[in-house]
Amino acid sequence: MSRADWIFIENCREILSDGVWDTDRPVRPRWEDGTPAHTIKKFGIVNRYDLSREFPILTLRRTYWKTAVDELLWIWQQKSNNIHDLRGHIWDQWADETGSIGKAYGYQLGVKHKYKEGMFDQVDRVLYDLKHNPASRRIMTNIYTFADLNEMALYPCAYSMTFNVSGSTLNAVLNQRSQDMLAANNWNVVQYAVLVHMMAQVSGLKAGELVHVIADAHIYDRHVPVIRRMIENTPLPAPQFSVDPEVTDFYAFTRDSFRMENYVYHPFDEKIPVAE
């Protein structure tokens, strides 16, 4: 049975049974009708996914993994901050009239910095170090740039990746300040699991663990009944994930470089309201 499902179920049960509601204070998010969007949360959830054993995608409901990969490539490969470069429409509500989301996400990864070896942006520095300095404990990215926050349409939620090579295995830690468990949890897990596979393959390494650290793991009030129904489903077998072995250049990956075979999931036709 899918390990990712069991982790998700455990997280949600813990939040619902032991979490803290914020109904006693004003909150920023609002539902489409203007009602405050309150949450129940747990602080400091840490999940570990062994990518060498299983790909961490939910079977409790379908995760649209191809669209998740599209967004990942938009941020990490194109380093774009314009929705016109993105296939999906998940960023439309935060874009301005030109399609820009400001100095956020891909923009931050594409800013070049000077090192003794030359000029690198954050992604290219990771790629360089994985090949030339694999013993380094400084292989990381961070897009939560305080000087630019006022020019971002949305502050980064998943903001930092730390890569670590152990022998021939690439492990990584994803740090996230905030996580909407229903709408975004597995979406982000899938994206960064794919990223670890990408980084490992082009660096001559094997994908190992993805550790996901969530500071504020929450369930919105209107999501609670949906979550309760969803976690009653029985996890199904995890699918088989593969990467085109011919791709050795990080910038040559496309959405079609990845395959998910035997992905089965429970039907889910409920509309998920998204707080803004």
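The values are calculated or read from the model by the stated rules, or taken from the named source; none is laboratory data. This is a predicted model, so every value here is computed, not measured. All Cβ positions, even for glycine, are placed from backbone atoms using ideal geometry, and neighbour counts span all protein chains on display. The protein model used for the area step is the full one, side chains on, heavy atoms only, and it has no ligands, DNA or RNA in it. Shrake-Rupley method; radii C 1.70, N 1.55, O 1.52, S 1.80 Å.
For this structure, a couple of remarks:
- Thr63 vs. criteria among the hydroxyl-bearing types (Ser, Thr, Tyr), part of a loop (DSSP other than H, G, I, E, B), at pLDDT 95 or above and within 28 Å of Met1 (Cβ to Cβ): yes
- Some residue of the range 122-134 being within 27 Å of Leu182 (Cα to Cα), part of a loop (DSSP other than H, G, I, E, B) and touching a strand residue (DSSP E or B) at 6+ places or on another chain (Cβ under 7 Å): no
- Hey, Trp94 within 22 Å of Met140 (Cβ to Cβ) and not charged (D, E, K, R) or not: no
- Filter result for Thr141 (open to solvent by 30 Å² or more (accessible area, probe 1.4 Å) and of a type in the set (Val, Ile, Thr)): no
- Condition met for Ser178 (closer than 27 Å to Arg125 by Cα, free of Cβ contacts under 8 Å to residues at least 24 places away in the same chain and under 21 Å from the mean Cα position of the chain (by Cα)): no
- Any hit, the range 179-202, residues being in a strand (DSSP E or B) and open to solvent by less than 10 Å² (accessible area, probe 1.4 Å): yes
- In the range 221-276, the residues that are basic (Lys, Arg) and out of contact with any Lys or Arg (no Cβ under 8 Å at 6 or more places or on another chain): Arg222, Arg228, Arg229, Arg259, Lys271
- Restricting the range 34-44 to residues that are of a type outside the set (Gly, Ala, Ser) and open to solvent by 10 Å² or more (accessible area, probe 1.4 Å), the residue that is farthest from Lys206 (Cα to Cα): Thr35
- Of all residues in the range 146-169, those that are more than 18 Å from Gly102 (Cα to Cα) and either assigned to a loop (DSSP other than H, G, I, E, B) or touching a Gly at 6+ places or on another chain (Cβ under 6 Å) (or both) total 3.
- Taken as a whole, the condition of being touching an Asp or Glu at 6+ places or on another chain (Cβ under 7 Å) and either within 29 Å of Asp249 (Cβ to Cβ) or open to solvent by 80 Å² or more (accessible area, probe 1.4 Å) (or both) does not apply to Phe55.
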